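First the structure, in the form of structure tokens, and then the observations on it.
The values are calculated or read from the model by the stated rules, or taken from the named source; none is laboratory data. Computed from a prediction, not measured in an experiment: that's the story for all the values here. Glycine also receives a Cβ, built like all others from the backbone with ideal geometry; neighbour counts cover every protein chain displayed.
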Amino acid sequence: MNVRIACPPLLYPCRFINFSRSKNEYDLITRRYVRGHEGENADIAKYVDPNGEPYKGMVEFIREKLNLTSLAFQTVDDIVAAIGLPRDRLCTYCWTGEDVSMPGSCAHGCSSCPHACSAKPK
């Protein structure tokens with residue numbers, strides 16, 4: 001079975017409108033993968049970049065876990081383009097950890113969001 005997901009992988013549980021049912025970050029298969037490969041204090045930001053090896057390894061793990069022939073996720077940039085609003089007007093927290101409602105307070109402790117956050121896709 002070939003699966004295409006219409007959003008990026010959820011890396012952070014929604015803390016706003018409870019978009020995901022996750023109450024704990026480890027309810028998310030992405031976070032279980034990261035914890036299993038890097039431990040509790042891993043840098044989640046490096047899993048946001050769809051061109052990066054950490055992201056690709058995570059997607060491959062999910063594909064294997066679900067016994068799929070292929071698996072692909074939509075990218076944050078493609079969703080932003082499809083919606084047609086500026087990125088700083090859209091909530092992408094569950095995918096990127098960036099909280100647009102509170103610049104400088106992203107989930108990974110960056111002190112310079114939204115301009116130089118290490119989680120921002122390059």
Discussion item. Among the residues of region 22-33, are any modelled with pLDDT under 90 and aromatic (Phe, Trp, Tyr)?
Written reply: yes
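Based on what the data block shows, is Thr69 at pLDDT 95 or above, over 16 Å from the mean Cα position of the chain (by Cα) and hydroxyl-bearing (Ser, Thr, Tyr)?
On the way: at pLDDT 95 or above: yes; over 16 Å from the mean Cα position of the chain (by Cα): yes; hydroxyl-bearing (Ser, Thr, Tyr): yes.
In short, yes.
Across region 83-122, what is the total count of residues that are at pLDDT 55 or above, surrounded by fewer than 17 Cβ atoms within 10 Å (Cβ to Cβ) and either in a loop (DSSP other than H, G, I, E, B) or aliphatic (A, V, I, L, M) (or both)? Please lay out each step first, then the result.
Going residue by residue through region 83-122, those that are at pLDDT 55 or above are 83-107.
This time we only want the ones that are surrounded by fewer than 17 Cβ atoms within 10 Å (Cβ to Cβ), so: 83-86, 88-91, 101-105.
Narrowing the set further to residues that are either in a loop (DSSP other than H, G, I, E, B) or aliphatic (A, V, I, L, M) (or both) leaves 83-86, 90-91, 101-105.
Residues meeting the conditions: 11.
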Worksheet item: Restricting attention to region 93-104, and to residues there that are free of Cβ contacts under 8 Å to residues at least 24 places away in the same chain and of a type outside the set (Gly, Ala, Ser), which single residue is nearest to Lys46 (Cα to Cα)?
Response: Glu98
Worksheet item: Within the set of pairs 6+ apart or on separate chains, which have a first residue in region 62-89 that is free of Cβ contacts under 8 Å to residues at least 40 places away in the same chain and basic (Lys, Arg), a second that is buried (at least 16 other Cβ atoms within 10 Å of the Cβ) and part of a helix (DSSP H, G or I), and C-beta atoms under 6 Å apart?
Response: Arg87/Val80
Response to the item:
Residue pairs qualifying under the 9 Å Cβ cut-off, at least six apart or on distinct chains, with the first in region 4-17 being free of Cβ contacts under 8 Å to residues at least 40 places away in the same chain and the second being surrounded by 15 or more Cβ atoms within 10 Å (Cβ to Cβ), are Ile17/Cys91
